[in-house]
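A short worksheet on the structure shown next.
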Amino acid sequence: LGGLGRLAEAVAVEQWRGFANPRTVRGLASPYGPPPWRLVGRALGVWFRLADPSEARRLVPGALAMDDDPIVGARFWDLQHDCGLGGPPVVPMREASVVFPVAFHDLHADYAAHMYADEPAYVAFAREVMGWPVRSGRVAVSGRSALEAGARVTGMLEREGELAMHMALKLTEP
């Protein structure tokens, strides 16, 4: 163990490199670089009321305030990002989430009770660095980019081979 102790002394904490864990001497193991992160793509979001509003309270921590009949959000993202490494956004990432409108004192935000994504580096970064409850899932978003009347847009989340969330919208107006 003497050799390992000397090695640990030789590699001071200040020598660790990389933006996110795991930080290493060369800094090459971090899945993401520092902000700003560039993302481009599209989102599909639907806001709705639950048939049983008390179900929302079960999923939100008690310290957070929430309306008795909250308007819940279901969102699908179909993005490309640059991993904070510069250059054009080229890494594909799709995410699906269910969020609840909450407040903590005078701060208002969305609480993500469920988040799933299909890009491993993003899942790791979101969980370990950001502290978000992201889990792996298969996410798909389809439809045309032009949102004209008659366009159909869908979002789908599959978890462990089971369909967990699906939405389909047909636009009646531009």
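The values are calculated or read from the model by the stated rules, or taken from the named source; none is laboratory data. Predicted model only: the values in this text are computed from it and were never measured. Quick reminder, even Gly has a Cβ in these numbers, built from the backbone with ideal geometry, and neighbours come from all protein chains shown. For the accessible areas, the whole protein counts, side chains as well, though only heavy atoms, and no ligand, DNA or RNA atoms are used. Shrake-Rupley method; radii C 1.70, N 1.55, O 1.52, S 1.80 Å.
Could you say whether any residue in the range 30-43 is farther than 30 Å from ARG17 by Cα, without any contact (Cβ under 8 Å) to a residue 60 or more places away in the chain and not in a loop (DSSP other than H, G, I, E, B)? Yes, some residue in the range 30-43 is farther than 30 Å from ARG17 by Cα, without any contact (Cβ under 8 Å) to a residue 60 or more places away in the chain and not in a loop (DSSP other than H, G, I, E, B). Taking first residues from the range 147-164 that are touching a residue at least 24 places away in the same chain (Cβ under 8 Å) and partners that are assigned to a strand (DSSP E or B) and β-branched (Val, Ile, Thr), the Cβ contacts under 6 Å between residues at least 6 apart in sequence or on separate chains come to GLY155/VAL141; LEU157/VAL139. Residue-level check: of (1) open to solvent by 50 Å² or more (accessible area, probe 1.4 Å); (2) of a type in the set (Val, Ile, Thr); (3) over 28 Å from PHE19 (Cα atoms), VAL129 misses just (3). Looking across the range 147-167, the residues that are open to solvent by less than 50 Å² (accessible area, probe 1.4 Å) and modelled with pLDDT under 90 come down to GLY150, ALA151, VAL153. Of all residues in the range 88-131, those that are in a strand (DSSP E or B) and touching a residue at least 12 places away in the same chain (Cβ under 8 Å) total 22.
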